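Below is one structure; the comments refer to it alone.
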Ligand SMILES: O=C(O)c1cc(=O)[nH]c(=O)n1[C@@H]1O[C@H](COP(=O)(O)O)[C@@H](O)[C@H]1O
């Protein structure tokens, strides 16, 4: 039997909706780039990494709807870096802040099963509320993570239309007149259908960059109908603005978690300044959504 995770309380989409209503939609990135760590006056070593991560915990925990630690910047320090990541994830979780771990995993189903257990399972060392996953071994290969997340009140965010310029070469490619990205969105919509029938967001989220311009319309993609929470990176450092969100997402805007990392983290290392930067951005985004 699967030991209930947060599902004992509420499904992921419901928890996320509540957190966004309370704090605004911003998902604050925790990306300890070397340049940022050094600009905070910290050494780029394990102690600097820990200080950076824990400053983010102090600034963001309980103040934003969700955070997204980028695993790569912790993995670069080996097992001890991953231990710092785990401490940060645990601290955010303890404060009730939703953690979307940006690990972008994806593999054949049997291996995906192990990744799912590692990040979302009952015995995971520091389970996240959701994890980013790559569907480029086929959407169906993600089944173990999608199902485990559903059973434990957690979520996945499936890459659909990424913010990088190389993305369209794969994601816009078509088979039988349907783009790869549209097939992924339709997969998520099918997995979220039950939640959608209750008027809720589902547990299968999608990653759609705020930088993609008119791609949704061009590819005939209906994100609103997917009932997917939509993680939208690309604000700030990658050039997208809050105004772009409205143009890109249209009717799906209420499902969008705009993500910004470097543009907010640049306000550190002062905890109050960092917290204020995140709050201001989240308020600006909430106002934009309401207008
Ligand atoms: O999955 C992601 O979060 C992601 C997908 C994508 O299409 N583009 C993208 O930038 N990201 C991540 O979002 C964050 C963006 O950081 P900033 O550009 O500093 O705001 C990084 O952690 C990226 O790895």
Could you say which residue among 262, 275, 279 is more than 29 Å from residue 196 (Cα to Cα) and within 16 Å of the chain's Cα centre (by Cα)? 262
Test each condition in (1) part of a loop (DSSP other than H, G, I, E, B); (2) in contact with a helix residue (DSSP H, G or I) (Cβ under 8 Å, 6 or more places away or on another chain) for residue 245 and report the one that comes out false. (1)
Residue ID - nearest to residue 181 (Cα to Cα), chosen from residues in the stretch 239-259 that are within 13 Å of the ligand (Cβ to nearest atom) and at pLDDT below 95: 240
I'd like to verify a number: residues in the stretch 44-101 that are outside any helix (DSSP H, G or I) and farther than 30 Å from residue 286 by Cα, how many? 4
Which residue out of 217, 118, 189, 193 is closer than 24 Å to residue 65 by Cβ and modelled with pLDDT of 95 or more? 189
Scanning the stretch 146-157 residue by residue, those under 15 Å from the mean Cα position of the chain (by Cα) and either farther than 16 Å from residue 201 by Cα or in a loop (DSSP other than H, G, I, E, B) (or both) turn out to be 154
Which residue pairs have Cβ atoms closer than 8 Å, lie 6 or more positions apart in sequence or on different chains, and pair a first residue in the stretch 157-173 that is within 20 Å of residue 131 (Cβ to Cβ) and more than 9 Å from the ligand (Cβ to nearest atom) with a second residue that is in a loop (DSSP other than H, G, I, E, B) and at pLDDT below 95? none
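Kindly indicate which of 220, 205, 213, 250 is in contact with a helix residue (DSSP H, G or I) (Cβ under 8 Å, 6 or more places away or on another chain) and surrounded by 22 or more Cβ atoms within 10 Å (Cβ to Cβ). Please lay out each step first, then the result.
Details: 220 fails: surrounded by 22 or more Cβ atoms within 10 Å (Cβ to Cβ); 213 fails: surrounded by 22 or more Cβ atoms within 10 Å (Cβ to Cβ); 250 fails: surrounded by 22 or more Cβ atoms within 10 Å (Cβ to Cβ).
When all the criteria are applied, what remains is 205.
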For residue 200: the one exception among (1) in contact (Cβ under 8 Å) with a residue 40 or more places away in the chain; (2) assigned to a loop (DSSP other than H, G, I, E, B); (3) surrounded by 13 or more Cβ atoms within 10 Å (Cβ to Cβ); (4) within 16 Å of the ligand (Cβ to nearest atom): (4)
Which condition number in (1) in contact (Cβ under 8 Å) with a residue 40 or more places away in the chain; (2) closer than 21 Å to residue 258 by Cα is the one that residue 21 fails? (1)
The stretch 203-238, residues that are within 14 Å of the ligand (Cβ to nearest atom), within 19 Å of residue 11 (Cβ to Cβ) and part of a strand (DSSP E or B): 205, 206, 230, 231
From the list 64, 99, 14, exactly one residue is surrounded by 22 or more Cβ atoms within 10 Å (Cβ to Cβ), farther than 29 Å from residue 137 by Cβ and modelled with pLDDT of 95 or more. Which is it? 64
Could you pull out the residue among 239, 250 that is without any contact (Cβ under 8 Å) to a residue 40 or more places away in the chain, more than 17 Å from residue 291 (Cβ to Cβ) and under 20 Å from the mean Cα position of the chain (by Cα)? 239
If residue 104 satisfies every condition in (1) crowded, with 23+ Cβ neighbours inside 10 Å; (2) within 16 Å of the ligand (Cβ to nearest atom); (3) not in a loop (DSSP other than H, G, I, E, B) but one, which is the exception? (1)
Right, residue 119: within 15 Å of the ligand (Cβ to nearest atom) and either over 22 Å from residue 232 (Cα atoms) or assigned to a helix (DSSP H, G or I) (or both) or not? yes
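The values are calculated or read from the model by the stated rules, or taken from the named source; none is laboratory data. Fair warning: this is a prediction, and the values are worked out from it, not measured in the lab. Virtual Cβ from ideal backbone geometry, glycine too; neighbours counted across all protein chains shown.
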